[in-house]
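So the structure is just underneath, and the comments pick up after that.
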Amino acid sequence: MRGLSLKATPASLVWLEPHRIIAGGKSRPLDGLPGEDRLGPILAELPQGPTAWIVDDLWGPSLLLRDIVTLPAGTDAREAFFRWKFSQSLALEAPHSVQALDLGDGVWLLAGIREELRESWLQMSVRLARPLHSLLPRWLYLYNRLAPSRELPGMLLSLCPHPGGGFTGTLAAWGRTLTLLRQWADPADPETWQQERVLPTAAYLQRDSRPPQELWVWGTGSWPDPGLPLHIIQPEIPTQEAL
């Protein structure tokens, strides 16, 4: 008699950035947001079953809300409030689907993606028998694997090369939990990132008695001296993600 296995099937990882798609152990060049004509054949090559998608930070923007004392009663009203707050704070015109995570003490993390884009990806993945199990922005994927294992307050840079030069991306800082989140759609070279984005953020955190003790960088192999311990995150991307 065959025994019953309770082991979960891992999800195939799909990594999407404006300049590349990584899936099934293969990296393919890309030029902007991919449509089904580009994504479909790549998904079809993966094993049937769930997929976990990591997308560029600007395709899945995020927002940290503070001092949220009261929320509307009821699930629908609460979701509508977070969608409104997300769109208003980021000056977004297109409707976005928004996920909210309670970080405690009146702090919420909101992560969104355009509703039209999310729906098209969902329908395509189901049609190809590669259902979308999770969808995370790159910075949050990196943060989830980095920050919980660190004992010191730190900062993470999640960077993506821009066709015109420089990098777009996200700066996230943490102490006991996520404390600050900033995102830039305008590209800048590493020196500008360091002088105009990293150092002012570190100074702000210093004044707030939460000075970072280390800097982690994803997306480039070198970085200017930040004045604190520097860690370049190795670019290996797995083919599967545990569910």
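Which of the residues spanning segment 224-243 are within 15 Å of residue 160 (Cβ to Cβ), modelled with pLDDT of 95 or more and not β-branched (Val, Ile, Thr)? Scanning segment 224-243 gives no hits.
Does segment 123-143 include one or more residues that are among the β-branched types (Val, Ile, Thr) and either modelled with pLDDT under 95 or surrounded by fewer than 16 Cβ atoms within 10 Å (Cβ to Cβ) (or both)? Talk me through it step by step, then tell me what you get.
Step one: list which residues in segment 123-143 are among the β-branched types (Val, Ile, Thr), which gives 126.
Subset that is either modelled with pLDDT under 95 or surrounded by fewer than 16 Cβ atoms within 10 Å (Cβ to Cβ) (or both): 126.
Yes.
Meeting the requirement of 2 or more residues that are of a type in the set (D, E, K, R), the helices (runs of 4 or more DSSP H) wholly within segment 134-243 are 138-146. For residue 239, the criteria (1) touching a Ser or Thr at 6+ places or on another chain (Cβ under 8 Å); (2) among the hydroxyl-bearing types (Ser, Thr, Tyr); (3) at positive phi hold in every case but one, which is (3).
Residue 70: within 19 Å of residue 100 (Cα to Cα) and of a type in the set (Ser, Thr, Tyr), yes or no?
Numbers: within 19 Å of residue 100 (Cα to Cα): yes; of a type in the set (Ser, Thr, Tyr): yes.
Against the criterion (within 19 Å of residue 100 (Cα to Cα) and of a type in the set (Ser, Thr, Tyr)), residue 70 qualifies.
Would you point out the residue of segment 195-243, among those that are of a type in the set (Asp, Glu) and surrounded by 14 or more Cβ atoms within 10 Å (Cβ to Cβ), that is farthest from residue 147 (Cα to Cα)? Looking at the filtered set, the residue picked out is 241. Sub-6 Å Cβ pairs linking a first residue in segment 92-104 that is in a strand (DSSP E or B) to a second residue that is buried (at least 19 other Cβ atoms within 10 Å of the Cβ) and among the small types (Gly, Ala, Ser), at least 6 apart or interchain, are 96/112; 98/112; 99/111, ordered by first then second residue.
Among all residues of segment 6-25, there is at least one that is in contact (Cβ under 8 Å) with a residue 40 or more places away in the chain, among the hydroxyl-bearing types (Ser, Thr, Tyr) and out of contact with any helix residue (DSSP H, G or I) (no Cβ under 9 Å at 6 or more places or on another chain).
A single entry from 215, 152, 159 fulfils the requirement of being out of contact with any Leu (no Cβ under 8 Å at 6 or more places or on another chain), farther than 30 Å from residue 50 by Cα and touching a residue at least 60 places away in the same chain (Cβ under 8 Å): 152. Looking across segment 51-74, just one residue is surrounded by 21 or more Cβ atoms within 10 Å (Cβ to Cβ), among the β-branched types (Val, Ile, Thr) and either closer than 22 Å to residue 177 by Cα or modelled with pLDDT under 95 (or both), and that is 54. Out of 149, 158, 120, one residue alone is of a type outside the set (A, V, I, L, M, F, W, C), farther than 15 Å from residue 56 by Cβ and surrounded by 13 or more Cβ atoms within 10 Å (Cβ to Cβ). It is 120.
So for segment 70-85 (the condition being in contact with an Asp or Glu (Cβ under 9 Å, 6 or more places away or on another chain) and either under 24 Å from residue 143 (Cβ atoms) or in contact (Cβ under 8 Å) with a residue 60 or more places away in the chain (or both)), does at least one residue qualify? No, segment 70-85 has no match at all.
In segment 43-59, the residues that are in contact (Cβ under 8 Å) with a residue 40 or more places away in the chain and closer than 15 Å to residue 241 by Cα form Cβ pairs under 6 Å with partners that are assigned to a loop (DSSP other than H, G, I, E, B) and of a type in the set (S, T, N, Q), at six or more places apart or across chains, as follows: 49/9. A Cβ distance below 7 Å, combined with a sequence gap of six or more or placement on separate chains, defines the contacts here; from segment 109-123, residues that are under 8 Å from residue 97 (Cβ atoms) reach residues that are of a type in the set (Phe, Trp, Tyr) in the pairs 112/86; 113/59. A count restricted to segment 54-83 and to residues that are over 19 Å from residue 168 (Cβ atoms) and among the aromatic types (Phe, Trp, Tyr) stands at 2.
The values are calculated or read from the model by the stated rules, or taken from the named source; none is laboratory data. All figures in this text were calculated on a predicted structure; none of them were measured in a lab. All Cβ positions, even for glycine, are placed from backbone atoms using ideal geometry, and neighbour counts span all protein chains on display.
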